[in-house]
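Data first, discussion second: the structure below is written as structure tokens.
Bear in mind these aren't lab numbers, they're just calculated from the coordinates by the rules spelled out. What you are looking at is a predicted structure, and each value in this text was computed from that prediction instead of being measured. Virtual Cβ from ideal backbone geometry, glycine too; neighbours counted across all protein chains shown.
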Amino acid sequence: MRVVRGAEEGRRLLARRPTDVELPPAVRQEIRRVFGADLDAQAVVERILADVRDGGDAAVRRYNEAIDGVPPSAPIAVSREEIAVACAEVDAEVMAALRFAAGRIRAFHEAQLRHAAASFEEGPFGQRVSALERVGVYVPGTQAVYPSSVLMTAIPARVAGVRELYMATPATADGAVSPLKLAAADIAGVDGVFRAGGAQGIAALAFGTESVPRVDKICGPGNIFVTLAKKAVHGLVGIDGFFGPTETMVVADAHADPALCAADLLAQAEHDALASPILITDSEALAQATLAEVESQLATLERAEIARSALEAQGLAVIVASLEEALALANEYAPEHLCLEVRDAARWAERVANAGSVFVGGLSAEAIGDYTAGPSHVMPTGGSARFASSLGVHDFLKVISIVSLDRSALAELGPPAAAIARAEGLTGHARAIERRLEA
């Protein structure tokens, strides 16, 4: 990790978030093999979207085979029998843990729903809040598998009242979908699972095919091809957000435990070589002790190589003059995860304006937030916490405004409305109002 001193230098370096990197040579070679041309990621996505829009299931099967090696004989829809077998295959302790996590996630979002926008009627106006009809969840990964992401995305939709919930996910070369994913989908109440990875999965959910219903909104993270596909179909369907590499910022003082600070930084660094593990502290001693702990703990990780790459490329320790400066930098950076390992952490948490989620105090392990705390771990990245929120029931609700006028309300609201309409040159608007007033 790079160490810098002073808020200004920290601010300058924090502004350098990791951007999209060049496609690795192996990926470019795969593109040439599949498409017979040296296309960039955007061109690949555009071609896949067009093919699935026009070709439906046949195009999905073709890309499943060409990209992931899935046999064309494998059905796109995963059967209920396959899901039942998967649930039986998963270790009983893991199934119990998934059900426990699901209960926590459900309880949090049920509480959130009680405080979400409510329907009301007040005189001539009001609103009706209702859930989306049909939602698609995209779950990436065949080597790295995240059943927790299935729960964190699907359960808020179910709690919100979404009527139909479907999941698209890649399959392996033998056509299998991870039993962990299928078990999590069953626990979360997903209505259907489809073998459709990458951009073809997003396209199938957005356009619909013979097997995959067209949805109203697509949620879930993915690689650059998934992100570009989500951007391309945004507007045709709703999109939860565009997610970049994970970020964890630890704000710590001299009273923090350096071993816990290091553990939180490494927990996110092991996700991805592009992850951003960041420490901000007003204590030189704490910074140095944390760096020593990072090196010591790194040797114990199975994904040490990935974590070290993230630490070397994006890892940063900023030593500032005060916790006030530390919180100011945190609010400017707007991290996905913000860990407050400081004395009187609850008081400092009140000063947080921008973060996906805040972990208050040394006992509040960020990793628990990934699994069993309750709030969704699908959170804004890349500074978008300045204007976006963690995934929740609000993402699956829509509001219909209601206008219901009686004669008295028409008499009050009509004349000024007609006056504004005539000022705008919209005579038809004005006359539509005035005819009612004249009647």
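Each residue of region 47-58 is assigned a 3J(HN,Hα), and the resulting list reads 5, 5, 4, 5, 5, 5, 4, 8, x, x, 4, 4 Hz, derived from the Karplus form 6.51 cos²θ - 1.76 cosθ + 1.60 (θ = phi - 60°), x at Gly and Pro. Hydrodynamic analysis of region 77-239 uses the Kirkwood radius over alpha carbon pairs. Inserted into Stokes-Einstein at 10 °C and 1.306 mPa s, it gives a translational diffusion coefficient of 96 µm²/s.
Filter the GluC sites (Glu not before Pro) in region 340-413 to those in DSSP coil with at most 12 other Cβ atoms within 10 Å of their Cβ, and list the result. Each step should come with its number before you reach the end.
Details: sites: Glu341, Glu350, Glu366, Glu412; in loops: Glu350.
Here the sparse-neighbourhood loop sites are Glu350.
What net charge do the residues around Met167 carry, taking every other residue with its C-beta under 11 Å from that of Met167, with Lys and Arg at +1 and Asp and Glu at -1? Please report the intermediate quantities before stating the final value.
Working: positive: Lys181, Arg195; negative: Asp186, Asp191.
Taking every Cβ under 11 Å from that of Met167, the sum is 0.
What net charge do the residues around Ser404 carry, taking every other residue with its C-beta under 15 Å from that of Ser404, with Lys and Arg at +1 and Asp and Glu at -1? Walk me through the intermediate numbers first.
On the way: positive: Arg128, Arg407, Arg436; negative: Glu121, Glu122, Asp406, Glu412.
Counting the neighbours of Ser404, the net charge comes to -1.
For region 312-420, the equivalent ellipsoid derived from the Cα gyration tensor has semi-axes of 43, 18, 14 Å, listed largest first. Sorted largest first, the spans of the alpha carbon positions of region 1-124 along the three principal axes are 57, 56, 52 Å. Taking only the alpha carbons of region 208-356, we obtain Rg and Dmax values of 18.4, 62 Å in that order. When you work out D = kT/(6 pi eta Rh) for region 350-412 at 10 °C and 1.306 mPa s, using the Kirkwood radius from C-alpha pairs as Rh and the Stokes-Einstein form, the result is 105 µm²/s. For chymotrypsin sites (Phe, Trp or Tyr not before Pro), the sites in region 304-411 that DSSP calls loop and that have at most 15 other Cβ atoms within 10 Å are Phe387. Out of Ala307, Ala188, Ala267, whose Cα points farthest toward the positive end of the dipole of the chain (charges: +1 Lys, Arg; -1 Asp, Glu; placed on Cβ)? Checking the options against the dipole of the chain, the answer is Ala188. Helix content alone sets the calculated 222 nm mean residue ellipticity of the chain: runs of n ≥ 4 DSSP H residues at -39500 (n - 2.57) each, divided across all residues, give -14500 deg cm²/dmol.
Sequence-ordered 3J(HN,Hα) estimates for region 360-373 from the Karplus curve with 6.51, -1.76 and 1.60 and θ = phi - 60° stand at 9, x, x, 7, 7, 4, 4, 5, 5, x, 6, 10, 10, 5 Hz, glycine and proline given as x. Of the peptides 136-148, 263-275, the order by per-residue mean of other Cβ atoms within 10 Å, starting with the highest, comes out as 263-275, 136-148.
All Cα-Cα separations within the chain were binned at 20 Å from zero, giving a P(r) of 23, 48, 25, 5, 0, each value a whole percent of the pairs.
Of all lysines in the structure, the ones whose alpha carbon falls short of 17 Å from that of Lys231, not counting any fewer than 8 places away in one chain, are Lys217. Bridgeable aspartates and glutamates around Lys398 (alpha carbons under 20 Å apart, same-chain partners fewer than 8 residues away excluded): Glu110, Glu121, Glu122, Glu133, Glu164, Asp216, Asp240. The GluC sites (Glu not before Pro) found in region 14-75 that occupy coil by DSSP, while having at most 14 further C-beta atoms within 10 Å, are Glu22.
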